[in-house]
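Read through the structure below, which is laid out as structure tokens, and then see the notes.
The values are calculated or read from the model by the stated rules, or taken from the named source; none is laboratory data. The structure displayed is predicted, hence computed values, not measured ones. When we count neighbours, we look across all protein chains shown, and the Cβ atoms used for this are built from the backbone with ideal geometry, even at glycine.
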Amino acid sequence: MEQTRGFLDGMRDGIPIALGYFAVSFTLGIACRNIGMSAAQATVMSLTNLTSAGEFAALGIMAAGSSLWEMALSQLVINLRYMLMSCSLSQKMAPDTPLFHRLLVGYGVTDEIFGISVNVPGRLDPRYTYGAVCVAAPSWALGTCLGVVLGNVLPMRLVAALSVALYGMFIAIIVPPARRDRLLGLLILLSMAASWLFARLPIFESISGGMKVIILTVLISGAAAVLFPVHGEAAKAAKTAKDAEGAKSVKDGKDAAEAEDTHA
Amino acid sequence: MHDVYLYIAVMAAVTYLIRVLPLTLIRREIRSVTVRSFLYYLPYVTLSVMTFPAILDATNSEWSGLAGLVIAVALAWKGFSLFSVSVAACVLVFAVELFVC
């Protein structure tokens with residue numbers, strides 16, 4: 001029987017996140033230095049916010065000396081996608097998960113940590129998320145700090161290569177289920193094609209990156225939910241049922257069962 | 001310009017609230033099939049949207065990004081772990097940029 005993923009599993013899966021975070025936050029640190037932030041300020045910002053797009057945007061707002069309202073509004077728009085992810089995670093956790101776990105897991109809702117947390121089989125054990133946060137968040141803060149202190153010492157080629165770690169991870173999350181479920185595969189291809197159009201066509205230029213993610217996610221997931229409702233208890237419940245059954249809890253058997261249950 | 005720490009406090013508060021409100025307010029299982037289906041599809045759609053074409057723009061040349069994308073999809077398809085897929089993509093991007101473009 002497969003164990004639920006715990007703290008150490010979270011730490012292990014957090015390593016590629018930490019690599020990617022280090023690269024991205026290093027460039028963030030350089031940007032912080034360029035607007036005159038101290039290493040302490042930049043590090044505090046990264047530790048308390050843990051978000052790349054939001055922090056990059058914040059730098060422009062600080063440099064322009066804009067109002068705090070403007071800051072709040074920009075963060076709301078750029079980071080609104082976390083609200084969707086948080087909704088999704090709320091259903092991944094056991095309903096009786098205590099409040100303090102929910103408050104702590106909330107800190108770790110980044111694109112990447114959400115990605116791996118929602119990907120564990122069965123229910124999410126908060127300790128899995130904590131493991132990932134413990135590896136990824138310090139790396140995010142350290143990268144920011146070193147970026148301020150050291151500036152352009154890392155070769156850009158290395159930074160570019162490391163930043164791909166995050167996308168590699170996303171792919172490792174979305175591709176295996178697509179292999180079992182053709183509809184999911186089509187949905188992924190469609191999402192990427194739509195995202196490409198949104199990014200490349202000039203008519204969409206005025207929409208911010210964060211807003212594009214939200215619009216496409218709501219439109220495509222919504223359409224899929226209406227056209228292809230997931231009947232039965234779907235993925236996670238199928239998993240628990242199989243665990244209770246005990247007999248066929250070999251990983252592959254379970255995965256196949258999940259895919260079948262999904263579109264009954 | 002305001003104190004930098006004031007800016008940081010505001011952005012941290014807004015960002016944390018966005019992240020924590022649904023997790024704390026939605027305590028029980030949602031029954032609606034449509035909402036459940038929406039939340040089931042959401043991670044795949046949102047991660048796809050964030051991956052492409054962003055991976056092409058993250059690297060110094062679109063071609064190295066494309067190489068990283070292809071190797072990651074191939075290894076993930078074969079069932080390699082998150083870590084291997086991720087590191088392989090990094091290594092290939094680095095190699096392509098070093099030797100090809």
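Being at the interface with chain B (Cβ under 7 Å from one of its Cβ atoms) and either outside any helix (DSSP H, G or I) or in contact (Cβ under 8 Å) with a residue 40 or more places away in the chain (or both) is the filter here; which residues of the range A:55-85 pass it?
A:Gly65, A:Asn79, A:Leu80, A:Arg81, A:Leu84
Would you confirm whether or not the range A:111-132 contains a residue that is in contact (Cβ under 8 Å) with a residue 60 or more places away in the chain and over 30 Å from B:Ser81 (Cβ atoms)?
The answer is no, given that none of the residues of the range A:111-132 is in contact (Cβ under 8 Å) with a residue 60 or more places away in the chain and over 30 Å from B:Ser81 (Cβ atoms).
When A:Gly185 is evaluated against the numbered criteria (1) touching a helix residue (DSSP H, G or I) at 6+ places or on another chain (Cβ under 6 Å); (2) closer than 23 Å to A:Leu84 by Cβ; (3) surrounded by fewer than 17 Cβ atoms within 10 Å (Cβ to Cβ); (4) at pLDDT below 85, which criterion, by number, is the only one it fails?
All conditions pass for A:Gly185, except number (4).
Looking at the range A:23-48, which of its residues are touching a residue at least 60 places away in the same chain (Cβ under 8 Å) and either farther than 11 Å from A:Leu59 by Cβ or among the hydroxyl-bearing types (Ser, Thr, Tyr) (or both)?
A:Ala23, A:Val24, A:Ser25, A:Phe26, A:Thr27, A:Ser38, A:Ala39, A:Thr43, A:Ser46, A:Leu47
What are the residues in the range A:204-230 that are within 20 Å of B:Leu56 (Cβ to Cβ), among the β-branched types (Val, Ile, Thr) and without any contact (Cβ under 8 Å) to a residue 12 or more places away in the chain, if any?
A:Ile207
I need the full set of residues from the range A:88-103 which are of a type outside the set (D, E, K, R) and not in a helix (DSSP H, G or I), in order please.
A:Met93, A:Ala94, A:Pro95, A:Thr97, A:Pro98
Being touching a Lys or Arg at 6+ places or on another chain (Cβ under 8 Å) and within 25 Å of A:Ser139 (Cα to Cα) is true for just one of A:Ala42, A:Ala53, A:Ala94. Which residue is that?
A:Ala42
Taking into account only those residues within the range B:72-84 that are modelled with pLDDT of 90 or more and surrounded by 14 or more Cβ atoms within 10 Å (Cβ to Cβ), which is farthest from A:Arg179 (Cα to Cα)?
B:Ala72
Would you tally the residues in the range A:155-170 being out of contact with any Ser or Thr (no Cβ under 6 Å at 6 or more places or on another chain), within 14 Å of B:Leu69 (Cα to Cα) and within 7 Å of chain B (Cβ to nearest Cβ)?
Total satisfying the criteria: 4.
From the list B:Leu47, B:Leu6, B:Leu56, which one is surrounded by fewer than 20 Cβ atoms within 10 Å (Cβ to Cβ), touching an Asp or Glu at 6+ places or on another chain (Cβ under 8 Å) and part of a helix (DSSP H, G or I)?
B:Leu56
Only one of these is among the hydrophobic types (A, V, I, L, M, F, W, C), farther than 27 Å from B:Phe83 by Cα and either at pLDDT 95 or above or in contact with a Leu (Cβ under 8 Å, 6 or more places away or on another chain) (or both): A:Ala165, A:Ala199, A:Ala224, A:Ala172. Name it.
Just a single option satisfies the conditions, and that option is A:Ala224.
Which one is farthest from the other protein chains (Cβ to nearest Cβ), of the residues in the range A:94-119 that are among the aliphatic types (A, V, I, L, M) and buried (at least 21 other Cβ atoms within 10 Å of the Cβ)?
A:Ile113
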